[in-house]
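Here the structure comes first, spelled out in C-alpha cells, and everything after it is commentary.
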There are 2 protein chains.
Amino acid sequence: MRQSILFTKTKKEVEKNEVSQNARLLLRGGYINKEMAGVYSFLPLGLRVIRKIENVIREEMKNSLGAQEIVMPALHPLSNYKKTGREKIDVLFHTKLNSGGDLVLGQSHEEIVVPLFKKFVSSYKDLPCGIFQIQTKFRNELRAKSGILRGREFLMKDLYSFHENENSLHEYYERVKEVYLRIYKRLGIGEKTYITLASGGTFSKYSHEFQTITNSGEDDIYLCKDCKIAINKEIIETTKRCPKCKKDISDLEEKKAIEVGNIFPLYTRFSKPFGLTYKDKEGKENLVVMGCYGIGISRVMGAVVEVLSDERGIVWPKNIAPFSVHLLSLNADKEAEKLYNLFLQEGIDILFDDREKRPGEKLIESDLLGIPLRIVVSGKTLEKDSVEIKKREKEEEEFVKINEVIKYVQKNI
Amino acid sequence: MRQSILFTKTKKEVEKNEVSQNARLLLRGGYINKEMAGVYSFLPLGLRVIRKIENVIREEMKNSLGAQEIVMPALHPLSNYKKTGREKIDVLFHTKLNSGGDLVLGQSHEEIVVPLFKKFVSSYKDLPCGIFQIQTKFRNELRAKSGILRGREFLMKDLYSFHENENSLHEYYERVKEVYLRIYKRLGIGEKTYITLASGGTFSKYSHEFQTITNSGEDDIYLCKDCKIAINKEIIETTKRCPKCKKDISDLEEKKAIEVGNIFPLYTRFSKPFGLTYKDKEGKENLVVMGCYGIGISRVMGAVVEVLSDERGIVWPKNIAPFSVHLLSLNADKEAEKLYNLFLQEGIDILFDDREKRPGEKLIESDLLGIPLRIVVSGKTLEKDSVEIKKREKEEEEFVKINEVIKYVQKNI
C-alpha cells in the first residue's frame, strides 16, 4: 500500500488525558481513533493488525481444537439473564425494544450459546463439541483509562465447549491451555506469558488466566519458577503459597502483568438454568458439562504494544504487523517505485512511503509505526547498488544489493 | 468439512410465526438461529456464506474503488446526533454509560465517520477519499417479520466518500453505481437487480436504490425498459412517469422487489454540522462534499434465498455458496472417503455427508442446503467406476468417471 494514499497520518502528540502507553502509541501511529473513553475505531493499519491476530486465533481454534465458528448477536433478551441470575451484573448496558422488551448488550455469550446449542444437541454422540466466535462485546465499565486494554466495546474470541462429563471437560481444558500458549507464542508474546491460577468464582475452585509480564501491567501476579506457572493476587492472598508445590509466597517472584486471556470450567453453571441436557448411552438425560475460553483480540493488540514498544514507538512481532516491510524512498522515487512493484509481484505485504517528506521525518514515523523490516532507498544506498535494511527491534542497519533484496526479505519475514 | 462433525442439523419444519421464506429455509438448513425477532445468530454454514459475500464486496471496494477499510464502533455518543438533528429518529436504540452519558447504537455511521475524518483531512490533496467498513448495525424496528431481510441487528457494508466539490462526488457516485452492479452480478443476482430512482430525502433530489425483482419483495418498483432503470413507488406517485425518458406510468412495468443496496449523495448535510472542511488550492476553507453507499450483507444473503430458492430448498450461486461441492456417501463410505481426501488435497471447498443416514434423507437435505454441485457415491455409481453429479439448479444428473471427477469439478466451480 502507498502511504501517500493512506488517509491516516501520524501525530507527534496526543491529548494529555490519554494516559496508557498502548493508546498513546496507537493513536499517534494512526492505528486507532478514540470515539469516547473505552470506545475506539480501528483505522486501516490497526484493522490489519486486528485481522492478523484474528486469523492466528481462528486457525488454532479450527485446526488445533476442531472448533466450529459462528457469530452470535450483541442484542440479548434480559429474560435469559434472569434465568442465570446475572441480570444485575453492573457491566451490562441496558436498552429497550420499541415494540416492548428489555434487552442487554452481550458482555459474554453463555446466555445465548446455551439455548442455541440446546436446539441441536440430543445425544452423547453430539458431544464433545467446541463452538467459538470472534465478535464485539460491550461492558459498561465505570472507568476506561487503559486504552484498548479495557474497552467498553471490544473484539473478543469466545469459545464454549460442551461435554458428557467432567473428565471430558478437563481433557479439553488442558488442550485449550496448550493451544492458548501456542497462540501467544505466534502472537509474539509467548516468552512473557504465563498460565496463572485464578479464582473459579462460585462454580469452580480455580480458573486460569493468561498473564503477560510487563511493568505497565494492571495485575499483580506471583511467579513460581519451579511450577512454571503464576498465581494471581486473589489466590495468593488466601493461600500465601503456590497451590501446586506449596512453596511460600516469599519464594515467589512478584510481577506486574496484563491479562491476555482466561479460561473457566463452567461445569453445569449455565446448562442447569436452561435445561441443556443430552441422552447418554443408557438413554438417561444428563446435564451437559461446559467450559468457556476467552481472548480479547483488541486487548491482545494493546498488550503487544505495552510489552514490546520502545522509546521510539511500536515494535510489532512478524505475525501480526500491519505490513511485513516498510519501504522508504528518501528522494529516490524512481528506484523505490521499481522495488515496490517487485515486492507486490512477489505478494509481499508492503507499505511504501512514497510521500514528499523530509528523510528525517520518514525515519521517525517508520519507527513509530513499528513495521518489522525497514528498507531505505536513497542516493547513498543507490551509489552502492544497494538498499539499507533495518530490523525494527535491532539497532544496526545492513546494506543489501538491490538484486538480492527480495531473497533477503523472503528469508526474514 | 465432515457433516458428521457439524453441530447444526437440518429441520423439516420451523415455527409457524416465521413467515418469511428466507428465514424458513435458512433456519431449516441450520444456517441461522433466531434469538428474537430480527436478531439472528449465524451458524457455521451461514457464516461461510456471510464471509463470502463480505469478500466479494471487500474486493470491489478495495480494488475497484481504492477505498480504505476501517471498523467503527456501535456505541455512539448521543451528543453527535444532536449536532446533526438525528437524535429523535425512531430506529435508534438508546443506552447509558454507568459513568454518566447518553449513548445510542449505530444505525449508520455519518455521526462517527465525519468527526473521525476531520482529524485527518486538511488539504484538497487529501481528497477524494473513500472509507468503508463491514460492521454490525442496530435498528429498533417496530416490526421485524422479514427474517434476515430487515434485522434489528445486521451486518452492513457502509462506504463514505469525501470530495472537494460536487463534480468529484458525481463522478465517484457514478463509479460506485457500476461497482455495485458488478457486485450483484458476482453475488448471483445481477440479472434481476436494477438501479432504482428514489427520493433523496431533504438534501438531494434523488438517491438510488438497488432493487432485486422477486415476487416476495416488499417494495413496488416500476421498470422502464428503455432506460434500463427502475423508479420506486414514492417517486412514481409524484411524477407519474419515468423521470428520465418521460414515458407514462402506464408504459412502465410494475414489479415486486427487495432493496439490496442504496447510495446517497450527502453533499454537505453532515460536513456542515461537524465543520468538516479542507483548504483548497487558494488556501480557502471549504466544506467537504460527501456521499454514502450501503449494502446490507445479511440482507443480501436473505435476498439471494428469496430470489433463487425453489420448492426443495436454497439454490446458492457459486460465489457465495457455503461450499462448492456436497459429497454424499450413500453406503459407499470407503470410496467416498478417498474422494473426500482427494478434494481436500486439491483445496476444493467441500462438505462431505459421511453420516449414517438413509440415502433418501441425505438427498433431500442436500437439496435444502443448496450447495451448487452434488456428488453422489453409491454402489450403483461404483459399478460404473463413476459418481453421479448434479448441479443444484438443474434437473438432470450426470455420471462422471471417478478418475475424471476432480477435473470435472474444477471446470464447474
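The values are calculated or read from the model by the stated rules, or taken from the named source; none is laboratory data. Everything numeric here is computed off the predicted structure, so don't read it as measured data. In this analysis, Cβ positions are derived from the backbone assuming ideal geometry, glycine residues included, and neighbour counts consider all displayed protein chains.
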So which residues in region A:133-185 are in contact with an Asp or Glu (Cβ under 8 Å, 6 or more places away or on another chain), part of a strand (DSSP E or B) and of a type in the set (Ser, Thr, Tyr), if there are any at all? A:THR136, A:TYR160
With respect to B:LYS279, determine if the residue is touching a residue at least 12 places away in the same chain (Cβ under 8 Å), surrounded by fewer than 17 Cβ atoms within 10 Å (Cβ to Cβ) and among the basic types (Lys, Arg). yes
Taking into account only those residues within region A:3-17 that are at pLDDT 95 or above and more than 10 Å from chain B (Cβ to nearest Cβ), which is surrounded by the most Cβ atoms within 10 Å (Cβ to Cβ)? A:GLN3
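Taking the options B:GLU110, B:GLU166, B:GLU171, name whichever one is farther than 24 Å from B:ILE53 by Cα, in contact (Cβ under 8 Å) with a residue 60 or more places away in the chain and charged (D, E, K, R).
On the way: B:GLU110 fails: farther than 24 Å from B:ILE53 by Cα; B:GLU171 fails: in contact (Cβ under 8 Å) with a residue 60 or more places away in the chain.
When all the criteria are applied, what remains is B:GLU166.
Each row is one residue, and each column tells you yes or no for (1) aliphatic (A, V, I, L, M); (2) under 18 Å from the mean Cα position of the chain (by Cα); (3) surrounded by fewer than 19 Cβ atoms within 10 Å (Cβ to Cβ); (4) more than 10 Å from chain A (Cβ to nearest Cβ).
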| residue | (1), (2), (3), (4) |
| --- | --- |
| B:ASP126 | no, no, yes, no |
| B:GLY130 | no, no, no, no |
| B:GLN135 | no, yes, no, no |
| B:PHE138 | no, yes, no, no |
| B:LEU142 | yes, no, yes, no |
| B:LEU149 | yes, yes, no, yes |
| B:LYS157 | no, yes, no, yes |
| B:HIS163 | no, no, no, yes |
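Checking the conditions here, which among B:SER378, B:SER366, B:SER386 is free of Cβ contacts under 8 Å to residues at least 24 places away in the same chain and buried (at least 16 other Cβ atoms within 10 Å of the Cβ)? Outline the logic, then answer.
Numbers: B:SER378 fails: free of Cβ contacts under 8 Å to residues at least 24 places away in the same chain; B:SER366 fails: free of Cβ contacts under 8 Å to residues at least 24 places away in the same chain.
After applying the criteria, what remains is B:SER386.
Out of all the residues in region B:182-194, which are without any contact (Cβ under 8 Å) to a residue 40 or more places away in the chain and more than 17 Å from B:ILE53 (Cβ to Cβ)? Even if it seems obvious, please write down each step before you answer.
Going residue by residue through region B:182-194, those that are without any contact (Cβ under 8 Å) to a residue 40 or more places away in the chain are B:185, B:190-191.
Matches in region B:182-194: B:GLU191 only.
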Here's a check for you: in region B:18-29, which residue that is aliphatic (A, V, I, L, M) and part of a helix (DSSP H, G or I) is farthest from the other protein chains (Cβ to nearest Cβ)? B:LEU25
Quick check on my filter: what residues within region A:70-97 are surrounded by fewer than 20 Cβ atoms within 10 Å (Cβ to Cβ), within 7 Å of another protein chain (Cβ to nearest Cβ) and assigned to a loop (DSSP other than H, G, I, E, B)? A:ASP90
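Sort out which residues of region A:360-405 are polar (S, T, N, Q), over 20 Å from A:ARG312 (Cβ atoms) and not in a strand (DSSP E or B), and write them in order of number. Reasoning before the result, please.
Step one: list which residues in region A:360-405 are polar (S, T, N, Q), which gives A:366, A:378, A:381, A:386, A:403.
Filter once more, so that each one left must be over 20 Å from A:ARG312 (Cβ atoms): A:381, A:386, A:403.
Of everything in region A:360-405, those that are polar (S, T, N, Q), over 20 Å from A:ARG312 (Cβ atoms) and not in a strand (DSSP E or B) turn out to be A:THR381, A:ASN403.
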Out of all the residues in region B:105-124, which are in a strand (DSSP E or B) and at the interface with chain A (Cβ under 9 Å from one of its Cβ atoms)? B:LEU105
Within region A:30-60, restricting attention to residues that are in contact with a Lys or Arg (Cβ under 7 Å, 6 or more places away or on another chain) and either closer than 30 Å to A:SER271 by Cα or in a helix (DSSP H, G or I) (or both), which residue is nearest to the other protein chains (Cβ to nearest Cβ)? A:ILE57
Please determine whether any residue of region B:344-356 is among the acidic types (Asp, Glu), part of a helix (DSSP H, G or I) and either surrounded by fewer than 17 Cβ atoms within 10 Å (Cβ to Cβ) or outside the structural domain of B:GLU388 (by TED's automatic domain parsing) (or both). no
Which condition does B:SER216 not pass, out of (1) modelled with pLDDT of 95 or more; (2) within 22 Å of B:GLY38 (Cα to Cα), if it passes all the others? (1)
Quick one: is A:ARG299 farther than 24 Å from A:ILE221 by Cα and either of a type outside the set (A, V, I, L, M) or not assigned by TED's automatic domain parsing to the domain that holds A:GLU361 (or both)? no
Which ones in region A:1-34 are touching a residue at least 24 places away in the same chain (Cβ under 8 Å) and hydrophobic (A, V, I, L, M, F, W, C)? A:MET1, A:LEU6, A:PHE7, A:VAL19, A:ALA23, A:LEU25, A:LEU26, A:ILE32
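Yes or no, residue by residue, for (1) surrounded by 20 or more Cβ atoms within 10 Å (Cβ to Cβ); (2) free of Cβ contacts under 8 Å to residues at least 12 places away in the same chain; (3) assigned to a loop (DSSP other than H, G, I, E, B):
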| site | (1), (2), (3) |
| --- | --- |
| B:THR196 | yes, no, no |
| B:ASN215 | no, no, yes |
| B:ASP220 | no, no, no |
| B:GLU234 | no, no, no |
| B:GLU237 | no, yes, no |
| B:LYS246 | no, yes, yes |
| B:SER250 | no, yes, no |
